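*Asks:* Dropping a structure here in structure tokens format, bear with me for questions.
The values are calculated or read from the model by the stated rules, or taken from the named source; none is laboratory data. Quick caveat: nothing in here was measured; it's all calculated off a predicted structure. Glycine gets a Cβ as well: all are built from the backbone with ideal geometry, and neighbour counts include every protein chain shown.
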């Protein structure tokens, strides 16, 4: 009887060790497969403004919410994405038919599998320059809610998704001031130049 109990205890101990080993191996595999958090060294340099086909007026961007990458092309279309594998030089844009982009060794070019490419936008010299806000924007990034902005130097003419008009201005640091029927609403341009966060809690993206 004692011998049977001993054998049972040995079997249970061996099974526990095997489970622990398998669990460790799974965790180690996961650790290798998951890329470092966005914003860590290497990934942070990948985020920010890009230019489609190297054209400085075709603004694109790569952002991140801490879990996924967020790509926005020159037409204002966005897609979530992620790094492919553990080398962190290949990315996938999920909503763009899983198009893959390969980042060049110097980090200045993304070559997409659909035949297009993005390059880092030229800086154009030192100091702050007045951002170009001219064009179509979308409230909350929704294509069903287009807005419009016309810019002449620092002066702005705006039309929101409801057809209401306003005048305003933008400074070199991306601070926007607008007047809607006598009500002042300020906005702050995101670092990548593709989203304006308004003081009333809404946002416009392109």
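*Asks:* Strands (runs of 3 or more DSSP E) wholly in region 46-119 with at least 2 residues that are in contact (Cβ under 8 Å) with a residue 60 or more places away in the chain - which ones?
*Replies:* 48-52, 59-64, 117-119
*Asks:* Right, something else. What about residue 124, is it modelled with pLDDT under 85, assigned to a loop (DSSP other than H, G, I, E, B) and either under 30 Å from residue 169 (Cβ atoms) or touching a strand residue (DSSP E or B) at 6+ places or on another chain (Cβ under 6 Å) (or both)?
*Replies:* The answer is yes for residue 124.
*Asks:* In this structure, is residue 130 part of a strand (DSSP E or B) and either touching a residue at least 12 places away in the same chain (Cβ under 8 Å) or touching a helix residue (DSSP H, G or I) at 6+ places or on another chain (Cβ under 8 Å) (or both)?
*Replies:* In short, no.
*Asks:* May I ask you to say which residue of 148, 200 is exposed (fewer than 15 other Cβ atoms within 10 Å of the Cβ) and touching a strand residue (DSSP E or B) at 6+ places or on another chain (Cβ under 8 Å)?
*Replies:* 200
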